[in-house]
Amino acid sequence: MQDVFREFKQFLMRGNVIDLAVAVVIGAAFGAVVTSLVNDLIMPIIAMIFGKPDFSSLTFTINDAVFRYGAFITAVVNFVLVAAAIFFFVIKPINMLMTRARQEPPADPTTMKCPFCISEVPIGATRCAFCTSELAAA
């Protein structure tokens, strides 16, 4: 029985289990932020333009069957707004930061061009190996 508890403890202490737990908690908190951004800032702008941010009252009826197409429209609008908020406020900035981080500084040059024959020669050379011209001291 102690072996089972030891294995269970090892399982819980693995990095990937803890990382997953942290990711779930941060994901839930971030979801609340994005939902608040959409509901509290973007949807009122839509309400100013279209008159109301919630289309769920839009329905039509055929043979006593009520089709609530407004609820579907509201869900689609919310999805598009959440996706746009995530893209513009998370994905684009992270991509820009990753691009900056990937750009490595240029390496120190190891060769130079011979001014007479334009061949590549080692930076410390005093004579060109191709045209035998004397090069200025580096």
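Numbers at a glance
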| quantity | calculated |
| --- | --- |
| Candidate set: the range 2-27, residues that are open to solvent by less than 70 Å² (accessible area, probe 1.4 Å) and aliphatic (A, V, I, L, M); chosen: the one farthest from residue 87 (Cα to Cα) | 17 |
| Residue in the range 100-111 that is touching a strand residue (DSSP E or B) at 6+ places or on another chain (Cβ under 8 Å) and either open to solvent by 90 Å² or more (accessible area, probe 1.4 Å) or not charged (D, E, K, R) (or both) present | yes |
| Per-region count, the range 94-121, residues among the small types (Gly, Ala, Ser) and in a loop (DSSP other than H, G, I, E, B) | 2 |
| Those residues of the range 33-53 which are surrounded by 15 or more Cβ atoms within 10 Å (Cβ to Cβ) and in a loop (DSSP other than H, G, I, E, B), in sequence order | 53 |
| Subset of the range 54-86 [within 26 Å of residue 32 (Cβ to Cβ) and of a type in the set (Asp, Glu)] | 54 |
| Check on residue 74, among the polar types (S, T, N, Q), more than 18 Å from the chain's Cα centre (by Cα) and either loosely packed, with under 10 Cβ neighbours inside 10 Å or modelled with pLDDT under 80 (or both) | no |
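The values are calculated or read from the model by the stated rules, or taken from the named source; none is laboratory data. Not measured: the values here are computed from a predicted model. Methodologically, a virtual Cβ is constructed for each residue, glycine included, from the backbone with ideal geometry; neighbour enumeration extends over all protein chains shown. Surface areas here come from the heavy atoms of the whole protein model, side chains and all, with no ligands, DNA or RNA. Shrake-Rupley method; radii C 1.70, N 1.55, O 1.52, S 1.80 Å.
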